[in-house]
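Student: Let me begin by handing over the structure; questions about it come next.
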Amino acid sequence: MTCDAPTPAGGPAPAVWRSRGTGRRSTRTLRVRVCAALAAATVLAVLLVPPLVQLDQQAVDLAAKLLPPSWEHPFGTDDVGRDLLLRCVYGLRVSLLVGVAAALTATVVGTAVGAAAGALGGWADRAIMRVVDTVSSVPHLLLGIFIVAMFRPGVWPVVVSVALTHWLSTARIVRAEVMSLRARPYIDAAVSGGASRWRVTVRHLLPGVLPQAGLAAVLMVPHAMWHESALSFLGLGLPAHTASLGTLIQTARGSLLAGQWWPTLFPGLFIIVPTLAIAGLAGAWRERINPRRRSELML
Amino acid sequence: MLELRAITAGYVKNAPVVRNVSLTIAPGEAVGLLGPSGCGKSTLARVAALLHRPDSGTLVLDGRPVRRWRHRAPRELRTAFGVVFQQPRLSADPRLALRDLVAEPLRATGRREGLAERVAELASAVGLTPDLLGRRPHEVSDGQLQRACLARALVLRPRWLVCDEMTAMLDASTTAALVAVVEEYRAATGAGLLAVGHDRTLLDRWCDRTVHWETLPARARPAEDGQPAPERVPAG
Amino acid sequence: MTERAPVLSVRGLSVRFLMPGGRRVAAVTDAHFDVAPGECLALVGESGCGKSVLASALLGLLPGNAQTAGQALLGETDLLAADERTLARTVRGRLIGLVPQSPAAHLTPVRTIRSHLRETLTELTGVRGRAALRAAAGKAAERAAFPAGHLDHHPHELSGGLAQRAATALALVGDAPLLLADEPTTGLDRDLVDRTVDELRRHVDEGSEGAEGAEGAGASAGNAGAGRALLMITHDLAAAERIADRVAVMYAGRIVELTDAAAFFGAPGPRHPYSRGLLQALPDRAFTPIPGLPPELGDLPDGCAFAARCARATGACAVPPPLTGTVACHHPHQEPGPRAPAAQPLAPEAADRA
């Protein structure tokens, strides 16, 4: 039978194009932009405010203690009359430093341990993962307190404490990723192509898990910030005169009962907003590295 | 000579997917291994290419029994095999451009001189354009990627080729093109071939002889009996 | 077959992808075809030619960066214009049954085949109640020749062939007038390919003959009972030869030949040089590849996309050939009679006809 659809072809390609799913994309873009703006504002504030504003965050003004927010002090003042906005920015600076440093350390340790376990396999894998299980069976905060207590209060003990309690999850993620990649035929092909164990790990396995590890690192920054705040809040982290978001909330605890809300609210917001912004960006990143989305062209 | 003797292999203890299978490939011979999907023929191919350690049985390569597999196998032995797998998507490191994919075995074995020329030569042999060589796997089609995977398998000039369902995902024209490349290489180098597949027409056309999975142990035994024990053959 | 209204009527279907950087990829261009009740149309072509994109477009499963144009009428519904809600509620499963590429991956690994069938039955038909569902599940399995004894197995316990039957049984539940099989035979061995396509053929034939004797589930569309149509997308020419009534050959996003399967695989042979080359590449024929590589869909030439690989190409090929009769080519092989000698660059009578 001949074709029953003789085409009126020859003319130009049809002009009416329909799209799908544009609405969802635009809200996603908006979300990413808001998160990026907030994260950028956080970083800029932390980097630029201290050198630009030549004010002393430690300046005590007992005449102006516990003032509610005003034009002069947008976030109000604390119980010894220090400007809270300035204290919050400095606190955020310390918290972010601790968070980033701890997350980086934890990621490096976790990736190394996880990759070793996944790439070696066998009894080495079992031994390493039992150590991981043992460490993670101790409550994080308790372990963190234990580590901090061994040192003089300061920034680096807190970083070490947070890092040493947070590498476990990264190690697990990396190990699982490495194990799943190791079963791929392309690893077989590399082995057959004469690649050494080291080369297979470094050139084929690790780069494959780095996006996941990076994502875990980014998500860990807010987590580490919270951990630092918790330690400081308990009085175990940073010395009370060093402004960190945790110490700020801790010292403001008493005023809250007296109806003074600003010394707790603003530091609290300074923890929550960057946390959400970073988590939002990390979520967008996760969608990007998802292999199903990566090739949008489905050929 | 590549001899698989009474190979039993699998991934889970006490549940081997390959049981007591023997197969012999003469130098320069092309053997097609035909069998239904999931019967274990791919596992046998991996054992033959030193990629999977069998639970029992011996692999004798040119008269010498092989005792180590994967990374433990000496590099010259591992690289004597070129392997091509069924799914090009899974067989290519997604981060490497096709050029690096083909060059990877050269880099891994430290043969960097003349690398670019060797890659270019192979690319033209398998029909990849320079433009395609600069792309990463998700930017090319299955057929193009499989061409690159074949080029990678040939880049170290292996003495044996193991093609595990190399053309199952490909259209007729690409299949014919890749088989032609393999045959050209074999004609030039005298390499042996183990082609695993499930398409009898294709394997019959491609290979010197086609064996069916079901008949394997039975077929190999008489040959084994009739030959002198290879351990006694002085190794060249 | 022309006297009956087609089940699916595709007119000028085009799909393009907007890529980052403003690049446009023309995955499908101006596809026209019909599939009649009781007919099997095989859409063949190499990987990356756009045939899977075409299937996704029909099911409304294109990713967000895709744009479509043209019409794909299935009964009253234009599949390309329908919104997600319509597609989900009335089209997928009810009007189009999908036979998937890799059935084992298509089934939920933690649930039994019976539970799959039961869920699909509840979703697509009016059958309610434990006993009725149990009976209906058994019946649905029987239709796809899925052995009742394996109904309580999980997908990983099934062989490739049985998993394929289970997936087919699911596709048949909604009694859809159109079956869409997307590479149903990839990775199966030859015997299994033959069995699978034979079964698909049976579903097409049965749908058109004894439809009134069928299930009480026919509450869906008015088309149910008019006969089933099958659109099979495949790169396996042997499978296509076994099952198809008509063949559409796709190259670089365009349908370059749409013709009767018997003529295509049999005596006169294909008329488009590409189709001819594809057939000649089969291991039981010449086993010679078509020289060169297909063009990039993002960077198609202005004229005929095959011209660069074609022995018959001339200056005329700088203009894209329209689909005239059964073939879109300026220099097609002769229509009737024995094959013309191969090395004839431009046969005048062929040019006249085109």
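The values are calculated or read from the model by the stated rules, or taken from the named source; none is laboratory data. Every value quoted in this text rests on a predicted model; they were computed, and no experiment measured them. We place every Cβ from the backbone using ideal geometry, glycine too, and count neighbours over all the protein chains shown.
Student: Sort out for me the strands (runs of 3 or more DSSP E) sitting completely within segment C:1-110 that have 1 or more residues that are away from chain B (no Cβ under 14 Å), modelled with pLDDT of 85 or more and farther than 19 Å from C:Leu200 by Cβ. Explain how you work it out, then say what you get.
Tutor: On the way: elements: C:8-18, C:24-35, C:40-44, C:66-74, C:96-99.
Ranges flagged: C:8-18, C:24-35, C:66-74.
Student: Here's something else I'd like to know. Name the residue, out of B:Val119, B:Val155, B:Val140, that is closer than 23 Å to B:Gly192 by Cα and in contact (Cβ under 8 Å) with a residue 40 or more places away in the chain.
Tutor: B:Val155
Student: Of the residues in segment B:161-177, how many are touching a helix residue (DSSP H, G or I) at 6+ places or on another chain (Cβ under 8 Å) and touching a residue at least 60 places away in the same chain (Cβ under 8 Å)? Spell out how you get there, then give the answer.
Tutor: Filtering segment B:161-177 for residues touching a helix residue (DSSP H, G or I) at 6+ places or on another chain (Cβ under 8 Å) gives B:161-167, B:169-175, B:177.
This time we only want the ones that are touching a residue at least 60 places away in the same chain (Cβ under 8 Å), so: B:161-166, B:169.
Final tally of qualifying residues: 7.
Student: Moving on. The conditions are (1) out of contact with any Asp or Glu (no Cβ under 8 Å at 6 or more places or on another chain); (2) assigned to a helix (DSSP H, G or I), and C:Leu278 fails exactly one of them. Which is it?
Tutor: Going through the list (1) out of contact with any Asp or Glu (no Cβ under 8 Å at 6 or more places or on another chain); (2) assigned to a helix (DSSP H, G or I), C:Leu278 breaks only (1).
Student: In addition: For the list (1) touching a strand residue (DSSP E or B) at 6+ places or on another chain (Cβ under 8 Å); (2) buried (at least 21 other Cβ atoms within 10 Å of the Cβ); (3) more than 29 Å from B:Glu184 (Cβ to Cβ); (4) touching a residue at least 40 places away in the same chain (Cβ under 8 Å), I need the number of the one condition that C:Pro294 fails.
Tutor: (3)
Student: Under 6 Å between Cβ atoms, at least 6 apart or on separate chains: pull out the pairs that start in segment A:223-252 with a residue that is without any contact (Cβ under 8 Å) to a residue 12 or more places away in the chain and over 9 Å from A:Val94 (Cβ atoms) and end on any residue that is of a type in the set (Ser, Thr, Tyr) and crowded, with 24+ Cβ neighbours inside 10 Å.
Tutor: Hits for this filter: A:Ala240/A:Thr247.
Student: I need the full set of residues from segment C:76-113 which are surrounded by fewer than 20 Cβ atoms within 10 Å (Cβ to Cβ) and more than 26 Å from C:Ala141 (Cα to Cα), in order please.
Tutor: C:Glu76, C:Thr77, C:Asp78, C:Ala81, C:Ala82, C:Asp83, C:Glu84, C:Arg85, C:Thr86
Student: Also, quick follow-up: Any residue in segment C:275-291 that's facing chain B (nearest Cβ under 7 Å): show its pairings with residues that are of a type in the set (Ser, Thr, Tyr) and surrounded by fewer than 20 Cβ atoms within 10 Å (Cβ to Cβ) at Cβ separation under 7 Å, as long as the two are six or more apart or on different chains.
Tutor: C:Ala281/C:Thr288; C:Pro283/B:Thr201; C:Asp284/B:Thr201
Student: Taking the condition surrounded by 22 or more Cβ atoms within 10 Å (Cβ to Cβ) and more than 9 Å from chain A (Cβ to nearest Cβ), does B:Gly32 pass?
Tutor: Numbers: surrounded by 22 or more Cβ atoms within 10 Å (Cβ to Cβ): yes; more than 9 Å from chain A (Cβ to nearest Cβ): yes.
So B:Gly32 fits the description; yes.
Student: Sticking with this one: Which members of segment B:43-55 meet the condition of being at the interface with another protein chain (Cβ under 10 Å from one of its Cβ atoms) and surrounded by fewer than 22 Cβ atoms within 10 Å (Cβ to Cβ)?
Tutor: Here is the first cut: in segment B:43-55, the residues at the interface with another protein chain (Cβ under 10 Å from one of its Cβ atoms) are B:46, B:49-52.
Residue satisfying the conditions is B:His52 alone.
Student: Looking at (1) crowded, with 23+ Cβ neighbours inside 10 Å; (2) of a type outside the set (Lys, Arg); (3) over 24 Å from the mean Cα position of the chain (by Cα), which is the only condition A:Thr201 fails?
Tutor: Only one criterion is unmet by A:Thr201, namely (1).
Student: Looking only at strands (runs of 3 or more DSSP E) that lie completely in segment B:56-174, which have at least 2 residues being away from chain C (no Cβ under 14 Å) and either under 30 Å from C:Cys310 (Cβ atoms) or among the aliphatic types (A, V, I, L, M) (or both)?
Tutor: Values: elements: B:56-61, B:64-66, B:81-84, B:160-164.
Answer list for segment B:56-174: B:56-61, B:81-84, B:160-164.
Student: Still on this structure, I have one more. Please determine whether any residue of segment B:39-54 is outside any loop (DSSP other than H, G, I, E, B) and either touching a Ser or Thr at 6+ places or on another chain (Cβ under 9 Å) or aromatic (Phe, Trp, Tyr) (or both). Break it down into steps so the answer makes sense when it comes.
Tutor: The first filter runs over segment B:39-54 and keeps only residues outside any loop (DSSP other than H, G, I, E, B), leaving B:41-48.
Okay, now just the ones that are also either touching a Ser or Thr at 6+ places or on another chain (Cβ under 9 Å) or aromatic (Phe, Trp, Tyr) (or both), so none.
Within segment B:39-54, none of the residues are outside any loop (DSSP other than H, G, I, E, B) and either touching a Ser or Thr at 6+ places or on another chain (Cβ under 9 Å) or aromatic (Phe, Trp, Tyr) (or both).
Student: Further question: Which one of the conditions (1) within 14 Å of chain B (Cβ to nearest Cβ); (2) at pLDDT 90 or above does C:Ala229 fail to meet, given that it meets all the rest?
Tutor: C:Ala229 satisfies every listed condition except (1).
Student: So, one more: Which condition breaks for B:Ser124 when tested against (1) more than 30 Å from B:Thr8 (Cβ to Cβ); (2) under 19 Å from the mean Cα position of the chain (by Cα)?
Tutor: In the conditions (1) more than 30 Å from B:Thr8 (Cβ to Cβ); (2) under 19 Å from the mean Cα position of the chain (by Cα), B:Ser124 misses (2) alone.
Student: Among C:Ala343, C:Ala351, C:Ala267, which is at pLDDT below 90, part of a helix (DSSP H, G or I) and of a type outside the set (Val, Ile, Thr)? I'd like the intermediate steps shown before the answer.
Tutor: On the way: C:Ala343 fails: part of a helix (DSSP H, G or I); C:Ala267 fails: part of a helix (DSSP H, G or I).
Selected residue: C:Ala351, the only one of C:Ala343, C:Ala351, C:Ala267 that is at pLDDT below 90, part of a helix (DSSP H, G or I) and of a type outside the set (Val, Ile, Thr).
Student: I'd like to know if segment A:185-194 contains one or more residues that are assigned to a loop (DSSP other than H, G, I, E, B), crowded, with 21+ Cβ neighbours inside 10 Å and at the interface with chain B (Cβ under 10 Å from one of its Cβ atoms).
Tutor: Kept after step one, since they are assigned to a loop (DSSP other than H, G, I, E, B), are these residues of segment A:185-194: A:193-194.
Adding the requirement that they be crowded, with 21+ Cβ neighbours inside 10 Å leaves A:193-194.
Next, from what is left, pick out any that are at the interface with chain B (Cβ under 10 Å from one of its Cβ atoms): A:193-194.
Yes; the residues of segment A:185-194 include at least one that is assigned to a loop (DSSP other than H, G, I, E, B), crowded, with 21+ Cβ neighbours inside 10 Å and at the interface with chain B (Cβ under 10 Å from one of its Cβ atoms).
Student: Collect the residues in segment C:140-157 that are at pLDDT below 85 and surrounded by fewer than 21 Cβ atoms within 10 Å (Cβ to Cβ), keeping them in residue-number order. Break it down stepwise before answering.
Tutor: Residues of segment C:140-157 at pLDDT below 85: C:143-145, C:156-157.
C:Arg143, C:Ala145, C:His156, C:Glu157 - these are the residues of segment C:140-157 that are at pLDDT below 85 and surrounded by fewer than 21 Cβ atoms within 10 Å (Cβ to Cβ).
Student: Within segment A:74-183, considering only helices (runs of 4 or more DSSP H) that don't extend past its boundaries, which have at least 1 residues that are of a type in the set (Ser, Thr, Tyr) and in contact (Cβ under 8 Å) with a residue 12 or more places away in the chain? Can you show your working first?
Tutor: Numbers: elements: A:84-120, A:122-137, A:140-149, A:155-182.
It comes to A:84-120, A:122-137, A:155-182.
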